[in-house]
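The values are calculated or read from the model by the stated rules, or taken from the named source; none is laboratory data. Just so we're clear, the structure is a prediction, and the values are computed from it rather than from any experiment. In this analysis, Cβ positions are derived from the backbone assuming ideal geometry, glycine residues included, and neighbour counts consider all displayed protein chains. Accessible surface is based on the protein model in full, side chains and every heavy atom, while ligands, DNA and RNA are left aside. Shrake-Rupley method; radii C 1.70, N 1.55, O 1.52, S 1.80 Å.
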Amino acid sequence: MTVEIELKFIATPAAIAELPSQLAGFNSEHTAPSKLTNIYFETAENYLRSHDIGLRIRGFDDQYEMTIKTGGKVVGGLHQRPEYNVELKKPVLKLSAFPKDIWPEGCKPAALQKELAPLFRTDFTREKWVITYGESQIELGLDQGEIVAGELSEALAEIELELKKGNTADLLALAAEMGVRGGLRQGGFSKAARGYHLAKGNPAREIKPLPVFKAQPKATVEQAMSAMFELALDHWQYHEELWVRGDKTARLTVLQAVETVRQVLVLFGGLVPRKASSELRTLLTDLVPVLEQKSADAQEICYSASYLKCKLVLTSWLATSGWTPFIDDKSAKKLEGSFKRFADIMLGRTAADLKEAFAQPLTEEGYRDQLARLKRQIITFHLLGGAYPEKEVAAYIAGWADLQQAIVQQQHAWEDSARSHAVMMDAFWLNGQPR
């Protein structure tokens, strides 16, 4: 087994054309383009996909390799997944060649193999450079071709940076250096994910609401903070893909995801000094007004150098725990404390802030002045409410969301009734004050 660590980018034709000259400035070894074919397998009941497993046979120069990837972790465009590879003499599955302990409980590989069939394929040329950067060796692969599932197909133009030897920080630093010219964006969907979607008939992807964050049992404050950033980044990645693919309504959800990242920074601002995230906060602040423009063009923004820099800084900050050098002993102890206890305290403060703002009926202008605060604190309820009964959390959030909608739609009579209902709702968290 190896743990594959790589960054995936979707590249414009202009960025691909400039790649050779850009790489000429690095210490690298070049490999000429070769043709690759990947055939992905699945059962009629989607057994592998349901267990977050990908299985393929790759063919290149009359050589074949069977690969299985099991559930891993994706932070932005940074993919980390356990990977198992077996050489084959011919393109025929041989599941018995994999370690027995990688399969889900109860799985019988011999029986599974009989149920597997080709689902989709990727056909592309790959050109490679192995770059010595910092203390690391990083393989850059340029893939150009298509993904095919039956009669459906989708173009493929990707640049992948894979860490062969060294550290993740160098991988992210190289990505940042390459991104300064623009024309790249972090890929939200892998080749496999795109292929599986095509195999389903390429149905329209739906806008997803911001989920309520669910912390692991007995999570520390720091563990929860890190997972919140991952949730926000996943929300961002998914809806960026929809926006770039033509769903104009996804712009507002991308904006919501960016605001969620900013709110996580605010939420933990008492523990993580502002200087630890100064660059990230500046980039996020600059991005918000760009995304707020109704005329914002997805292609222009998402492939811009500044947009990519913002996401890479966030990915790097998260992947390398960039806040750690700035934490003193007192804050470190608090970060090691119970997230549940932290959530109880912060939920009380958040509710008190909103109840103070909306304690009395406001003018129409007054409601509009409080709208930004209301949006931020609704996001906070999403971030802190996961350890409590779902129905109670959903009802509480819905009460404040109704007020937000009334303000957005400028329905003053509804604003007053929604305000009154929201401030009178019972707390769902521990030590919440009764009304």
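Numbers at a glance
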{"item": "All positions within segment 273-312 that are touching a residue at least 60 places away in the same chain (Cβ under 8 Å) and either touching a Leu at 6+ places or on another chain (Cβ under 9 Å) or over 20 Å from G187 (Cα atoms) (or both)", "result": "C302, Y303, A305, Y307, L308, K309, K311, L312"}
{"item": "Subset of segment 101-122 (residues that are within 26 Å of the chain's Cα centre (by Cα) and assigned to a strand (DSSP E or B))", "result": "L119, F120, R121, T122"}
{"item": "Long-range neighbours under 8 Å by Cβ, at least six apart or interchain, first residue in contact (Cβ under 8 Å) with a residue 24 or more places away in the chain within segment 236-247, second in a loop (DSSP other than H, G, I, E, B) and of a type in the set (F, W, Y)", "result": "E241/F189"}
{"item": "Qualifying positions in segment 291-302 - open to solvent by 30 Å² or more (accessible area, probe 1.4 Å) and either within 18 Å of the chain's Cα centre (by Cα) or not small (G, A, S) (or both)", "result": "E292, Q293, K294, D297, Q299, E300"}
{"item": "Single match in A372, A413 (criterion: farther than 24 Å from A257 by Cα and in a helix (DSSP H, G or I))", "result": "A413"}
{"item": "Residue check for I407: surrounded by 13 or more Cβ atoms within 10 Å (Cβ to Cβ), touching a Leu at 6+ places or on another chain (Cβ under 8 Å) and farther than 28 Å from R341 by Cα", "result": "yes"}
{"item": "Residue in segment 179-191 that is over 18 Å from A11 (Cα atoms) and open to solvent by 40 Å² or more (accessible area, probe 1.4 Å) present", "result": "no"}
{"item": "Every residue from segment 166-187 that is part of a strand (DSSP E or B) and modelled with pLDDT of 95 or more", "result": "L184, R185"}
{"item": "Of all residues in segment 99-130 being in contact with a Pro (Cβ under 8 Å, 6 or more places away or on another chain) and within 30 Å of P33 (Cβ to Cβ), the one that is surrounded by the fewest Cβ atoms within 10 Å (Cβ to Cβ)", "result": "T125"}
{"item": "Residue satisfying condition, being open to solvent by less than 40 Å² (accessible area, probe 1.4 Å) and farther than 21 Å from I5 by Cβ, within set E240, E162, E222, E206", "result": "E240"}
{"item": "Any hit, segment 76-84, residues being in a loop (DSSP other than H, G, I, E, B), touching a residue at least 24 places away in the same chain (Cβ under 8 Å) and surrounded by fewer than 16 Cβ atoms within 10 Å (Cβ to Cβ)", "result": "no"}
{"item": "Single unsatisfied condition, I102 versus (1) closer than 28 Å to K165 by Cα; (2) touching a strand residue (DSSP E or B) at 6+ places or on another chain (Cβ under 6 Å); (3) among the aliphatic types (A, V, I, L, M)", "result": "(2)"}
{"item": "Qualifying residue in segment 363-373 (condition: of a type outside the set (F, W, Y) and under 26 Å from the mean Cα position of the chain (by Cα))", "result": "yes"}
{"item": "Residue in segment 27-35 that is within 29 Å of the chain's Cα centre (by Cα) and in contact (Cβ under 8 Å) with a residue 12 or more places away in the chain present", "result": "no"}
{"item": "Which listed residue is open to solvent by less than 30 Å² (accessible area, probe 1.4 Å), of a type in the set (G, A, S) and in a helix (DSSP H, G or I), from A398, A422, A352", "result": "A422"}
{"item": "Considering residues of segment 32-66 that are part of a strand (DSSP E or B) and open to solvent by 70 Å² or more (accessible area, probe 1.4 Å) only, the residue nearest to E160 (Cα to Cα)", "result": "P33"}
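Okay, residues lined up against (1) among the acidic types (D, E); (2) open to solvent by less than 40 Å² (accessible area, probe 1.4 Å); (3) farther than 30 Å from G182 by Cβ:
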{"position": "S304", "(1), (2), (3)": "no, yes, no"}
{"position": "L312", "(1), (2), (3)": "no, yes, no"}
{"position": "W317", "(1), (2), (3)": "no, yes, no"}
{"position": "D328", "(1), (2), (3)": "yes, no, yes"}
{"position": "K334", "(1), (2), (3)": "no, no, yes"}
{"position": "D344", "(1), (2), (3)": "yes, yes, yes"}
{"position": "T380", "(1), (2), (3)": "no, yes, yes"}
{"position": "A387", "(1), (2), (3)": "no, no, yes"}
{"position": "A394", "(1), (2), (3)": "no, no, yes"}
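For (1) in contact with a Phe, Trp or Tyr (Cβ under 6 Å, 6 or more places away or on another chain); (2) assigned to a helix (DSSP H, G or I); (3) under 17 Å from M225 (Cα atoms); (4) not charged (D, E, K, R), each residue gets a yes or a no:
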position	(1), (2), (3), (4)
M346	no, yes, yes, yes
L362	no, no, no, yes
Y367	no, yes, no, yes
Q377	no, yes, yes, yes
